[in-house]
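The values are calculated or read from the model by the stated rules, or taken from the named source; none is laboratory data. The shown structure was predicted, so the numbers you read here are calculated from the model rather than taken from an experiment. We place every Cβ from the backbone using ideal geometry, glycine too, and count neighbours over all the protein chains shown. These accessible areas exclude ligands, DNA and RNA; they are computed on the full protein's heavy atoms, side chains included. Shrake-Rupley method; radii C 1.70, N 1.55, O 1.52, S 1.80 Å.
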Amino acid sequence: MKKNLIWLAGIAVMLAACENDMSNELAVDNDKKAVTFTCQGDFTMTTESMTRGAMEADGKTMTDLWVLDYVGGTLVQQVHQASTDEDFGTPTLNLDYGSHHIYFVASRGTAPTLSTEEHTISWGTTSDTFYKDYSVAVTSGTASTQNVTLNRVATKLTITINDAIVDGTSYVEITPQTWYYGLDYLTGEPTAAQTSTPRTINIPSTKAGVTGMTLNIFGLSSATEWTTDVTVTACDGDDNTIGQASISNAPFKANRVTNYAGNLFTNTGGFALALSGEWDTEFAGSW
């Protein structure tokens, strides 16, 4: 009889321990909040199917979204979404109660590389990019859906070639003396500066004789204006230079288009500058 009592007592202790473990697990779960974030900004959210969304800016779709959750300066979780994901642009995170800084980066640049050690994202080729440092204090009463407005951290250089494209033109190189290919996602500042790296744009043979051709390149920028020199070079299929123009102190800043127009092949009249109001307040100048 004593043995049975001892055995039953042991079972009771085990059940109590299991119950305590379950209670602890429930307590941990109760200290989290599932929150779905809807990204918005100078782009539109569209529905491409019954389930999959898309973020579009200037008629072109973002390809990647990064969400990095920091608590007390420490990265606790991260999410990377591609445009093929069903919930693209509406990520859901299980957030611990407390204060969070959540960093959002959306881009359509190519060959991205994330470094959480250096807290940067860099691209092989930069394109339109948006960013937000989102601060939220999570409690049981925190709304389970949050709208996050991302701001553009890209700048764009537009080159308009006024004269006719010479027959035999194979490509045009746009070479800024300094250009930024990365973003520090903790600060929103541009990183990964490259010096005199050409951006090559192929010119189809069907464009021979066309005037007013427009070429674009994107870079990363802060909201503070900065300047750099730019060289525009047209080459034939044998890499011979057949047209060139130099631009001094071209100004750039986030969310603004810098538009230079002029002759590339005849090299008369020079290039004139107009900073487009397509994204931001218009500014005009000349050189």
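Brief remarks follow.
- Yes/no for Tyr134 being more than 27 Å from Asn249 (Cα to Cα), touching a residue at least 24 places away in the same chain (Cβ under 8 Å), aromatic (Phe, Trp, Tyr) and in contact with an Asp or Glu (Cβ under 6 Å, 6 or more places away or on another chain): no
- If you go through the stretch 264-287 and pick out every residue that is at pLDDT 65 or above, within 16 Å of Asn216 (Cα to Cα) and not aliphatic (A, V, I, L, M), you end up with 1.
Residues are listed down the side, and each one gets a yes or a no for (1) aliphatic (A, V, I, L, M); (2) closer than 17 Å to Leu65 by Cβ:
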position	(1), (2)
Gln81	no, yes
Tyr103	no, yes
Arg108	no, yes
Ala111	yes, yes
Glu117	no, no
Thr139	no, no
Ala143	yes, no
Tyr171	no, no
Gln177	no, no
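Table: residues versus (1) of a type in the set (A, V, I, L, M, F, W, C); (2) under 30 Å from Lys33 (Cα atoms); (3) at pLDDT below 95.
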{"residue": "Ser115", "(1), (2), (3)": "no, yes, no"}
{"residue": "Glu118", "(1), (2), (3)": "no, yes, no"}
{"residue": "Thr149", "(1), (2), (3)": "no, yes, yes"}
{"residue": "Thr155", "(1), (2), (3)": "no, no, no"}
{"residue": "Val172", "(1), (2), (3)": "yes, no, no"}
{"residue": "Gly182", "(1), (2), (3)": "no, no, no"}
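Each row is one residue, and each column tells you yes or no for (1) under 13 Å from the mean Cα position of the chain (by Cα); (2) at pLDDT 95 or above.
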{"residue": "Ala17", "(1), (2)": "no, no"}
{"residue": "Phe43", "(1), (2)": "yes, no"}
{"residue": "Met55", "(1), (2)": "yes, no"}
{"residue": "Asp58", "(1), (2)": "no, no"}
{"residue": "Thr74", "(1), (2)": "no, yes"}
{"residue": "Gln78", "(1), (2)": "no, yes"}
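- From Ser23, Ser99, Ser49, residue being at negative phi, outside any loop (DSSP other than H, G, I, E, B) and at pLDDT below 85: Ser23
- Where Thr125 falls short, out of the listed (1) touching a residue at least 40 places away in the same chain (Cβ under 8 Å); (2) over 21 Å from Thr197 (Cβ atoms); (3) open to solvent by 40 Å² or more (accessible area, probe 1.4 Å): (2)
- Among the residues of the stretch 183-199, those that are part of a loop (DSSP other than H, G, I, E, B) and among the polar types (S, T, N, Q) comprise Thr187, Ser196, Thr197.
- Selection within the stretch 61-82: residues that are part of a loop (DSSP other than H, G, I, E, B) and in contact (Cβ under 8 Å) with a residue 40 or more places away in the chain. The member of this set that is most open to solvent (accessible area, probe 1.4 Å) is Thr63.
- Residues that are assigned to a strand (DSSP E or B) and surrounded by 15 or more Cβ atoms within 10 Å (Cβ to Cβ), drawn from the stretch 83-96: Leu93, Leu95, Asp96
- Count - residues of the stretch 151-168 that are in a strand (DSSP E or B) and either aliphatic (A, V, I, L, M) or crowded, with 23+ Cβ neighbours inside 10 Å (or both): 6
- Residue selection: Tyr171 fails the criterion of being in a strand (DSSP E or B), out of contact with any helix residue (DSSP H, G or I) (no Cβ under 6 Å at 6 or more places or on another chain), of a type in the set (Ser, Thr, Tyr) and surrounded by 18 or more Cβ atoms within 10 Å (Cβ to Cβ).
- Residue check, Val148 of a type in the set (A, V, I, L, M, F, W, C), open to solvent by less than 10 Å² (accessible area, probe 1.4 Å), touching a residue at least 40 places away in the same chain (Cβ under 8 Å) and over 30 Å from Thr197 (Cα atoms): yes
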